[in-house]
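What follows is calculated from the coordinates using simple rules that are stated; it is not laboratory data. What you see is a predicted model, and the numbers here were worked out from it, not measured in a lab. Cβ atoms come from the backbone with ideal geometry, glycine included; neighbour counts cover every protein chain shown.
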């Protein structure tokens, strides 16, 4: 599933810095503040540096704000002269890197000045000019890579800034100034960086996404879809309060169970068809159909009306599951929407259009299924099915035995059937929203929970 | 071990840019800067100055009639800075110094 990964977010934090006759890399560490190496900007005329932020394809100017007190420390903090809106900042990680930690870096080397990643691993601590450096192996740092942030993929934080290449022609690795050294040289940066991440949760969410397994994400989908449908159902329940067997609780859990079943059906099988992510995934559709159909039977069974409802409910459940799975199986979209919901800054992506299109598709799928039932059933049964649509049939087949309901059906005009299409579309859209936001919602809950745990730890 | 070489951009005093194959010595600070050729010529001048003062001493003490010095200079980048690298020529020597005496009477072969 395409979700907002840390490597992508790290890229968004980086900028290309150009000075007279050369360039290097820098990255946002706090609002409007860019960290780089002193030797990258040493030739800057009148202290001004040209900043290119690839993420929104804009150029800015930055002035050299602070240089460390010690001249042999190769660091410089730049301040952007104009406001850069909503840029992400890296998260500094002060933890000691472990030997062989896998690291990721992104910079603007001269052989690919539009941006290039490097992966390497941590070889250990080395010393030079009375300061310690992280020694890196297994990646090629070319001219222009100085000032690149170094992401530790184990701790999900930036553990240093690249300033030396051990060979620009081979993948011998390089050296980096460790984060504790950066924070010692710029003590104000520690607090500023922390303040950013207390408000901006993009990094925390991306870090969690990077580690979430497919099963966790699928459960998130199920949770979101179940919650959304359950809430919709519960909201409708009071309007039927005078009917038998309709109450808030049972409506909630039945709607929830169906939502979870469908979401898990689609999401689970997606794992088996990962290589088909961007094409039709037959496994997802079959699995979604089965899960949804079986969930309908289970709901009927627990209602104690299995034998009455099964002939009606089972085909509906399976058919509805098939339609919904076709509309929803495309997990990458869910991932994309999930990213976008947590990060709306990306102006380059037509988020709303994609979102709107998919919601419309799911709504249409629900409507189509409803329309098929209406067309192929007699008027009376059609209304029952129409109004009961995929989630209400269990109770409403019982309502049919009530006098007022039968009277209502016979008096009801033909066109009334088609109101059900609108109703179905609403349910479809709610389901899709629930499934889309589910993983983000669970991640957000986890992030807040981690925050609380950390604060408690800190207080102790 | 042979040192790796790489074409790098160098700016001459008149502002024109050329690409020079330079030898990379050791680890490099990796900001991408256009190097100034003046840094090399300055080093060459210093080398010439250093050698000439030594050769003047030799001239005074040993009085050869003719002296020649041959040295190979390669352009190198060290710690991100351009520099000149004195390299071995065809033989084994970095510096090939030739002194000649024409054998006039009185001077003889120097003892030191």
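Brief remarks follow.
- Based on alpha carbons, the Rg and Dmax found for region A:1-199 are 15.2, 47 Å.
- Rounded to the nearest 10 degrees, the angle from helix B:38-62 to the longest Cα principal axis of chain B is 10 degrees.
- Region A:68-175: C-alpha gyration tensor shape, a/c 1.5 cut-off, then a/b vs b/c: rounded
- Whether region A:13-99 is rounded, prolate or oblate, judged on the alpha carbon gyration tensor where a/c under 1.5 counts as rounded: oblate
- Residue A:127/residue A:184 FRET efficiency (R0 22 Å; Cβ-Cβ; nearest 0.05): 0.90
- Distance (nanometres) between label positions extended 7 Å along Cα→Cβ at residue B:53 and residue A:449: 7.5 nm
- Note that region B:5-100 carries a Kirkwood radius of 15.1 Å, evaluated over its alpha carbons pair by pair.
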